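Presented below is the structure to which this report refers.
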Amino acid sequence: MTHTVSRRHLLGAAAFAPLVARAQDTAPAPIFGQPGKDVIWAPTPDAMVDRMLRLAGLRPRDFVIDLGAGDGKIVIAAAKAGARGLGIEYNPELVTLARQRAQAAGVAEHARFEKADIFESDFSRASIVTLYLLPRLNLRLRHRLLALTPGTRVVSHSFDMGDWRPDEVTNAGGATAFLWLVPANFGGEWALRFPLADGSEARGLLEVDQRFQQVGGAAVFRDFTASLRQPLLAGDRVRFALTDAEGQLREFDGRIAGRELIGKVTQGDARVPFRADRTDAAIPLIGGSEPVRPPRD
Ligand SMILES: C[S@@+](CC[C@H](N)C(=O)[O-])C[C@H]1O[C@@H](n2cnc3c(N)ncnc32)[C@H](O)[C@@H]1O
């Protein structure tokens with residue numbers, strides 16, 4: 001299945017002549033291209049399932065939720081790799097088939113399936129979310145994905161998330177998948193403190209603009225301001241550099257936990273602690289995280 005073909009299967013369901021899939025279980029065999037509630041059923045090819053889970057950095061501690069789980073293959077593959085997961089699928093016959101396949105693979109305990117509508121389901125416990133849906137469905141889900149725990153990995157087969165740029169794109173076997181790390185909320189104002197070489201403490205105000213995972217801003221000190229050099233937000237991890245009052249380039253590397261940003265900053269050859277605390281009572285929403293009204297495909 002090529003990338004183009006993958007897209008065509010989902011985008012052009014009406015024109016697609018169904019092929020009968022091979023029956024492997026007692027549950028009715030799904031028909032390739034059969035209608036689903038919001039999108040047809042077409043399975044992600046095995047090689048791409050493997051690639052998607054690698055892209056997500058799957059570990060045994062992960063909990064994978066596949067939105068529109070079809071025959072369950074992504075969740076079953078994750079369970080076979082030692083993780084746990086839940087497939088949410090609207091079609092009850094596909095749910096039965098997925099459960100049977102999980103049983104046959106010996107992973108029924110770790111690969112669960114639920115008959116539900118993804119737009120009415122809670123998927124906030126996922127550390128990895130997978131999707132093979134449609135562009136407009138991705139956009140309908142986007143604000144909910146952005147509200148997940150920072151660092152949650154979102155992997156979509158074939159379709160992107162509009163102007164939420166992916167952190168990585170992979171092509172394998174002619175298909176494409178996209179990875180996003182759910183960003184922490186770094187936008188707003190933070191009181192920054194870190195030690196200077198003379199033993200005193202630098203105090204400044206970090207002013208940060210954020211749109212999705214893209215960040216920029218400046219640190220305002222009593223006598224000068226410094227723009228954040230090469231700022232990077234990856235999940236809850238924040239990195240940036242700035243030139244301090246003594247003319248030293250200081251490289252900050254920390255993690256956001258709620259209203260605190262705590263980490264280490266370079267000082268000569270050493271790394272010393274720094275911290276920043278939110279000063280804004282009303283935390284701004286992550287730019288881009290408001291619900292969008294998607295266009296037709
Ligand atoms: C393209 S298939 C992908 C199946 C599987 N995730 C995979 O990659 O192999 C999309 C699946 O979403 C299901 N689906 C469509 N709308 C849904 C909805 N609103 N809630 C839950 N499942 C839905 C369809 O029945 C179909 O099985």
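Only residues that are among the β-branched types (Val, Ile, Thr) and assigned to a loop (DSSP other than H, G, I, E, B) were counted across the range 89-108, and they come to 1. Among the residues of the range 178-190, is there at least one that is of a type in the set (Gly, Ala, Ser) and out of contact with any strand residue (DSSP E or B) (no Cβ under 7 Å at 6 or more places or on another chain)? Looking through the range 178-190, none of the residues is of a type in the set (Gly, Ala, Ser) and out of contact with any strand residue (DSSP E or B) (no Cβ under 7 Å at 6 or more places or on another chain). A Cβ distance below 6 Å, combined with a sequence gap of six or more or placement on separate chains, defines the contacts here; from the range 112-137, residues that are charged (D, E, K, R) reach residues that are surrounded by fewer than 16 Cβ atoms within 10 Å (Cβ to Cβ) in the pairs Lys115/Pro92; Arg136/Asp297. Considered as a group, the residues in the range 29-88 that are within 11 Å of the ligand (Cβ to nearest atom), farther than 19 Å from Phe113 by Cα and in a loop (DSSP other than H, G, I, E, B) include one that is least open to solvent (accessible area, probe 1.4 Å), and that residue is Gly33. Of the listed requirements (1) surrounded by 13 or more Cβ atoms within 10 Å (Cβ to Cβ); (2) not in a strand (DSSP E or B), Pro291 misses just one: (1). When you scan the range 182-194, do you find a residue that is over 17 Å from Ala147 (Cα atoms), open to solvent by 10 Å² or more (accessible area, probe 1.4 Å) and modelled with pLDDT under 95, even just one? No, the range 182-194 has no match at all. The single condition among (1) modelled with pLDDT of 95 or more; (2) open to solvent by 20 Å² or more (accessible area, probe 1.4 Å) that Asp244 does not satisfy is (2). A single entry from Arg144, Arg112, Arg125 fulfils the requirement of being more than 16 Å from Gln213 (Cβ to Cβ), more than 10 Å from the ligand (Cβ to nearest atom) and either more than 16 Å from the chain's Cα centre (by Cα) or open to solvent by less than 10 Å² (accessible area, probe 1.4 Å) (or both): Arg112.
May I ask you to list the residues in the range 187-240 that are in a loop (DSSP other than H, G, I, E, B) and at positive phi? I'd like the intermediate steps shown before the answer.
Initial filter on the range 187-240 (in a loop (DSSP other than H, G, I, E, B)): 187, 196-200, 212-213, 221-224, 228, 235-236.
Correct list: Gly199, Phe212, Gly235.
Which residues, counting only those in the range 223-239, are within 18 Å of Phe274 (Cα to Cα) and among the charged types (D, E, K, R)? Selection gives Arg229, Asp236, Arg237, Arg239. Based on what the data block shows, is Leu285 open to solvent by less than 80 Å² (accessible area, probe 1.4 Å) and among the aliphatic types (A, V, I, L, M)? When the stated conditions are applied, Leu285 does not pass them.
Please tell me if Arg222 is touching a Leu at 6+ places or on another chain (Cβ under 7 Å) and open to solvent by 30 Å² or more (accessible area, probe 1.4 Å). No; evaluated as a whole, the condition is false for this residue. If we scan the range 155-164, do we find a residue that is within 14 Å of the ligand (Cβ to nearest atom), more than 23 Å from Pro295 (Cα to Cα) and touching a helix residue (DSSP H, G or I) at 6+ places or on another chain (Cβ under 7 Å)? So far as the range 155-164 goes, no, none of its residues is within 14 Å of the ligand (Cβ to nearest atom), more than 23 Å from Pro295 (Cα to Cα) and touching a helix residue (DSSP H, G or I) at 6+ places or on another chain (Cβ under 7 Å).
The values are calculated or read from the model by the stated rules, or taken from the named source; none is laboratory data. Computed from a prediction, not measured in an experiment: that's the story for all the values here. All Cβ positions, even for glycine, are placed from backbone atoms using ideal geometry, and neighbour counts span all protein chains on display. All accessible areas refer to the heavy atoms of the entire protein, side chains included, with ligands and DNA or RNA removed. Shrake-Rupley method; radii C 1.70, N 1.55, O 1.52, S 1.80 Å.
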